[in-house]
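Below is one structure, written out as structure tokens, with a few remarks after it.
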Amino acid sequence: MSKFGGSNDKKDVPGISSGSLSDIVFMLLFFFMVTTQLRETENKVIVKLPQATEVAKLERKDLSSYINIGTPIRSLQGMYGTDARIQLNDSFKTVDDIRDFIAAERDAMSEVDRSYMTVAIRADQDVRMGIVSDVKQELRRCSALKIMYSARKPAE
């Protein structure tokens with residue numbers, strides 16, 4: 001018998017432990033769930049926001065409802081044309097539908113938060129003021145009086 005390497009006994013290599021694999025997967029899943037923001041609605045209108053002179057930040061975005069006003073995106077222009085449209089959630093609506101939209105948004109909130117509801121109007125800078133004025137009048141009729149206008153931050 002030789003002293004070096006003469007043995008034909010093969011030693012088994014221990015398998016890789018997969019006990020902590022599930023912990024790692026769940027930590028990654030939890031990380032991505034916490035850091036990812038889900039988009040509430042898909043923009044179906046082109047909105048190039050005008051320059052702002054004053055900027056105020058919303059304190060709680062979950063209490064705000066968005067009304068987008070602008071021309072439809074290219075893939076929808078064949079169906080809806082190139083005139084300015086009002087987008088409420090994921091569909092095009094008319095001024096008359098704003099009352100139902102505000103009522104549904106209020107119903108989705110708790111009783112305490114309803115008084116803090118803010119309506120944010122995102123209007124394209126080239127949209128005629130008439131449609132924005134009609135939206136504002138309808139918001140007044142349904143007592144949605146906290147209105148903010150989205151705009152670009154001023155250049156510094």
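A few notes on this one:
- Any hit, segment 48-56, residues being within 24 Å of MET109 (Cβ to Cβ) and open to solvent by less than 80 Å² (accessible area, probe 1.4 Å): yes
- For first residues located in segment 25-47 and within 30 Å of ILE69 (Cβ to Cβ), partners that are of a type in the set (A, V, I, L, M, F, W, C) and not in a loop (DSSP other than H, G, I, E, B) and lie 6+ apart or on another chain with Cβ distances below 8 Å form the pairs LYS44/LEU76; LYS44/PHE92; VAL45/ILE69; VAL47/ILE69; VAL47/ALA123.
- Within segment 65-80, the set of residues being surrounded by 10 or more Cβ atoms within 10 Å (Cβ to Cβ) and either among the acidic types (Asp, Glu) or out of contact with any Asp or Glu (no Cβ under 9 Å at 6 or more places or on another chain) (or both) comprises ILE67, ILE73, LEU76, GLN77, TYR80.
Residue-by-condition table, conditions (1) farther than 12 Å from ILE67 by Cβ; (2) touching a residue at least 60 places away in the same chain (Cβ under 8 Å); (3) surrounded by 13 or more Cβ atoms within 10 Å (Cβ to Cβ):
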{"site": "ALA108", "(1), (2), (3)": "yes, no, no"}
{"site": "GLU111", "(1), (2), (3)": "yes, no, no"}
{"site": "ARG114", "(1), (2), (3)": "yes, no, yes"}
{"site": "MET117", "(1), (2), (3)": "yes, no, yes"}
{"site": "GLN125", "(1), (2), (3)": "yes, yes, no"}
{"site": "GLN137", "(1), (2), (3)": "yes, no, no"}
{"site": "ARG141", "(1), (2), (3)": "yes, no, no"}
{"site": "LEU145", "(1), (2), (3)": "yes, no, no"}
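- When residues in segment 90-130 are screened for being part of a helix (DSSP H, G or I), out of contact with any helix residue (DSSP H, G or I) (no Cβ under 8 Å at 6 or more places or on another chain) and within 22 Å of LYS48 (Cα to Cα), 2 of them pass.
- Qualifying residue in segment 35-57 (condition: over 30 Å from VAL132 (Cα atoms) and out of contact with any Pro (no Cβ under 8 Å at 6 or more places or on another chain)): yes
- Given (1) touching a Lys or Arg at 6+ places or on another chain (Cβ under 6 Å); (2) assigned to a loop (DSSP other than H, G, I, E, B); (3) open to solvent by less than 30 Å² (accessible area, probe 1.4 Å); (4) of a type outside the set (D, E, K, R), number of the condition GLN87 does not satisfy: (2)
- Filter result for the condition that a residue is at pLDDT 90 or above, over 21 Å from the mean Cα position of the chain (by Cα) and within 21 Å of LEU58 (Cβ to Cβ), over VAL132, VAL119: VAL132
- Criterion violated by LEU58 - all others in (1) closer than 25 Å to ASP113 by Cα; (2) among the aliphatic types (A, V, I, L, M); (3) at pLDDT 90 or above satisfied: (3)
The values are calculated or read from the model by the stated rules, or taken from the named source; none is laboratory data. The structure presented is a predicted model; accordingly, all values stated were derived computationally and were not measured. Because the Cβ atoms are built from the backbone with ideal geometry, glycine has one as well, and the counts that use them run over all protein chains shown. Please note that ligands, DNA and RNA were not included when accessible areas were found on the heavy atoms of the full protein model with its side chains. Shrake-Rupley method; radii C 1.70, N 1.55, O 1.52, S 1.80 Å.
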